[in-house]
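The values are calculated or read from the model by the stated rules, or taken from the named source; none is laboratory data. Please read these numbers as outputs of a predicted model, since none were measured by experiment. As a convention, Cβ positions derive from the backbone with ideal geometry for all residues, glycine included, and neighbour counts pool all protein chains shown. Note: accessible area is taken over every heavy atom of the protein model, side chains too, but ligands, DNA and RNA are not part of it. Shrake-Rupley method; radii C 1.70, N 1.55, O 1.52, S 1.80 Å.
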Amino acid sequence: MCETNYNEKMNFSKLKNMYIFRIKLKNITPIHVGGNSEDSVTSKNPIMRVSENGNPFIPGSTLKGLMRSASERLAHLFFDREPCYLDGDKACAPHKNVKIEEKIKEIEQKEDRKISEEKIYNLYYDELCPICRTYGGGSIASKVKFEHIVFPANTLTNIREGIQIDRDTGTVKGNRFYTYEYILPNYEFEMVITAENMTEENLKVLALALAQLQGNQIRIGGMLARGLGQIEFISGTVKIYDFSKKENKNAIIQTLLGKDTPTENKTLTEFLEKVL
């Protein structure tokens, strides 16, 4: 791994490291990521499509949500603090914590000056669970970004009929016939994740989800009870950029200009073995 000090809390004021993951996947069963029924004349449950050209796509927010859930599922293996699951009163909400506000005032009175944004960030950051520190939550932004997966224009889809069953009686619930659209199996696609200013804790949180993705233990979309959304891992790579040293300012500029100068190149397997 690169030489960044991973024990720092690393806020967003300076770019110190960056990881770009490219993960090739294939859907081995149909995929249904629900779109807007008002835009479809073929099904009440259409798939998501790009408004400009109609290409099927999976939003980055959907990918982030399923990866966050995967990280939450195994967080107990590495962290003493339970994930908040963004659940009601248990959700991380340091901006609502009266004790933090009092601590800020106390520091300002003691130092006789306004507290820095970095110190405020650290106070809030300490109150977050490991999941929120990585994926965002409680007034702290996410450190990981997921690009949309956009399928080609010639991607084949189909419509399937279904019925809703009453779980108590085992019979059809009235006139509960419906249709849903899905992407046919055997399409290869790429998940791209960009992570910035990652600490050792952040990397472990993300790695927990990536390990499950590599192990074909994550499914995408809805209608999972009907067998949809099963995906197969094909390959994965990660480019690691270390911007922590002053002499690396040129590396940041070159990276922003699209000239590839990673500090390290690893396969996803090598990355996971190092982090976990």
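Some notes on this structure:
Condition check ((1) closer than 14 Å to V205 by Cβ; (2) within 14 Å of the chain's Cα centre (by Cα); (3) open to solvent by less than 70 Å² (accessible area, probe 1.4 Å); (4) at pLDDT below 85) across all residues:
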| site | (1), (2), (3), (4) |
| --- | --- |
| I58 | no, yes, yes, no |
| T62 | no, yes, yes, no |
| S69 | yes, yes, yes, no |
| L74 | yes, no, yes, no |
| P94 | no, no, yes, yes |
| V98 | no, no, no, yes |
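- Of all residues in region 260-276, those satisfying the criterion of being in a helix (DSSP H, G or I) and open to solvent by 60 Å² or more (accessible area, probe 1.4 Å) are T269, E270, E273, K274.
- Scan region 100-132 for residues that are outside any helix (DSSP H, G or I), of a type in the set (A, V, I, L, M) and either farther than 21 Å from K204 by Cβ or open to solvent by 50 Å² or more (accessible area, probe 1.4 Å) (or both) and the total you get is 1.
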